[in-house]
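Read the structure below first, then the notes.
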């Protein structure tokens with residue numbers, strides 16, 4: 001069985017929460033589940049989340065409802081191949 005394991009990290013690189021989903025699960029499902037878990041476990045101390053462009057506005061809106069500002073970090077369309085992003 002293949003699994004999709006996204007994990008939000010704090011500024012020190014420590015894992016805040018984990019949700020295990022099937023590999024076929026959409027990133028938005030993982031994003032909303034993770035935001036729920038982060039909000040519950042952080043007691044409001046997490047106020048900002050940086051995500052890749054695989055996440056859509058559903059996750060941004062869900063985060064806003066939890067008091068977490070979700071920012072989608074998009075890569076420069078002129079870049080080719082793997083290019084590390086300055087944020088995330």
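Among the candidates 49, 78, 29, 64, single out the residue that is on the phi < 0 side of the Ramachandran plot and surrounded by 19 or more Cβ atoms within 10 Å (Cβ to Cβ).
Working: 78 fails: surrounded by 19 or more Cβ atoms within 10 Å (Cβ to Cβ); 29 fails: surrounded by 19 or more Cβ atoms within 10 Å (Cβ to Cβ); 64 fails: surrounded by 19 or more Cβ atoms within 10 Å (Cβ to Cβ).
So the residue among 49, 78, 29, 64 that is on the phi < 0 side of the Ramachandran plot and surrounded by 19 or more Cβ atoms within 10 Å (Cβ to Cβ) is 49.
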- Item | In the stretch 52-61, residue surrounded by the most Cβ atoms within 10 Å (Cβ to Cβ) [restricted to those that are modelled with pLDDT of 90 or more and either touching a strand residue (DSSP E or B) at 6+ places or on another chain (Cβ under 8 Å) or outside any helix (DSSP H, G or I) (or both)] | 59
- Out of the stretch 62-88, which residues are within 21 Å of residue 16 (Cβ to Cβ), in a loop (DSSP other than H, G, I, E, B) and at pLDDT below 85? 85, 87, 88
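Filter the stretch 10-33 down to residues that are part of a helix (DSSP H, G or I) and either within 13 Å of residue 54 (Cβ to Cβ) or modelled with pLDDT under 80 (or both), then give me how many there are. Don't jump to the end; show me each part of the working.
Residues of the stretch 10-33 that are part of a helix (DSSP H, G or I), as a first pass: 27-33.
With either within 13 Å of residue 54 (Cβ to Cβ) or modelled with pLDDT under 80 (or both) added as a condition, the list becomes 27-31.
Residues flagged as part of a helix (DSSP H, G or I) and either within 13 Å of residue 54 (Cβ to Cβ) or modelled with pLDDT under 80 (or both) within the stretch 10-33 amount to 5.
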- Message: Residues that are in contact with a helix residue (DSSP H, G or I) (Cβ under 9 Å, 6 or more places away or on another chain) and under 17 Å from residue 85 (Cβ atoms): does the stretch 38-47 have at least one?
- Response: no
- For residue 69, indicate whether it is in contact with a strand residue (DSSP E or B) (Cβ under 9 Å, 6 or more places away or on another chain) and farther than 17 Å from residue 8 by Cβ. no
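The values are calculated or read from the model by the stated rules, or taken from the named source; none is laboratory data. What you see is a predicted model; the values in this text were computed from it and never measured. Cβ: placed from backbone, ideal geometry, glycine included. Neighbour counts: every protein chain shown.
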